[in-house]
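Working notes, structure below.
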């Protein structure tokens, strides 16, 4: 089948890879807005496509697979402008020496130095993916989640082990654990037995039910100390039924901060996960993938805001180097000396005055 209509557009230098992606998107239920495969860039190149999608109002996120570029300077100018307007997620082929050789025979492109290319992508504030799965993990987060205000994350789980793994995953990417207010935690404690752990992670325990999840999520969403929520929903526990997904969907539709769901398991868990995806919710099977995607979201907006702020600030005068300071002092001294020295009258003028 074909993928449903969405807000993510995809640029690919490989037609076969692009076709496989469209098929994969349809299976996963992801949406695609536009797809372009440009191959050897005979009629249109990557820079022109970036220019087009940067201005395309129906495209909210640009995703791309590049092997090499025709004109490096022109490409990075186009990429920088595009990243200033919307997220651009890039997967670069030809990262190894043999991969670069394969690029040359595939699209006649020069892959160039991979490290330099990646450094330039970072300079433009592009989001760098290492696999096609990552490309669409990142794209889902950027299309479903609101802009985060910071990097403090609250974990909510019904399994202690997954809470530990989620903590490790967030720490790996430098994300902080939020500290909820005592007032909010008190409301959650009222809905839980006394053996539940209401800290960070919040462990609703293996006998968690729909109501506990609802209360914990609502309080975390209202707490000003929380910038994003990591919810691990293990549907195998006995007291949780399909109704919990409906409650999660309601909260997700009214969310004011990123709300990421992790639900691991087999066919039943996958079915419920797909239901949440349909209601604009980012869901994952692993805490590591979820943390990596949330980190990409936070990093992009943090960098973007910092650059916009810097652009508005008046430019500070450049500090003189010590050598320049010495030269300036010499010139000033010479100027003062010249002014204080009495002027010599010309012989002709003196003779005239004597008469």
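If you project the alpha carbons of region 4-144 onto their three principal axes, what span does each projection cover, largest first, in Å?
Result, largest extent first: 36, 30, 27 Å.
Arrange the following residues from fewest to most other Cβ atoms within 10 Å of their Cβ: 273, 2.
2, 273
Quick check: the distance between the Cα centres of region 13-83 and region 160-192, to the nearest angstrom?
With region 13-83 and region 160-192 each reduced to a Cα centre, they are spaced 38 Å.
Have a look at the DSSP beta bridges in region 195-317 and tell me what percent are antiparallel, nearest 5.
Percent antiparallel among DSSP bridges in region 195-317 is about 20.
Post the alpha-carbon centroid distance, region 126-141 to region 244-275, in whole angstrom.
20
Cut-off is 10 Å between beta-carbons; in what order do 124, 83, 192 appear when sorted fewest neighbours first?
Taking fewest neighbouring Cβ atoms as first place, the list is 124, 192, 83.
Sort 212, 4 so that the residue with the fewest other Cβ atoms within 10 Å of its own Cβ comes first and the one with the most comes last.
Result, fewest neighbours first: 4, 212.
If a/c stays under 1.5 just call it rounded; otherwise compare a/b with b/c (prolate if a/b is bigger, oblate if not). Do that for region 131-285, with a ≥ b ≥ c from the square roots of the Cα gyration tensor eigenvalues.
Judged from the Cα gyration tensor, region 131-285 comes out rounded (a/c under 1.5).
How much FRET efficiency would the formula 1/(1 + (r/R0)^6) give for residue 249 and residue 48, where r is the Cβ-Cβ distance and R0 is 45 Å, rounded to 0.05?
Once rounded, the FRET efficiency stands at 0.65.
Per 0.36 nm of contour for each residue apart, how much would the distance between residue 181 and residue 168 grow if the chain were fully extended, relative to their Cα-Cα spacing?
Length gained, residue 181 through residue 168: 2.4 nm.
Read the figures in this text as sums done on the coordinates, not as results from a lab. Everything quoted here is computed from the prediction, not taken from an experiment. Counting neighbours? That spans all protein chains shown, and the Cβs are built from the backbone with ideal geometry, glycine included.
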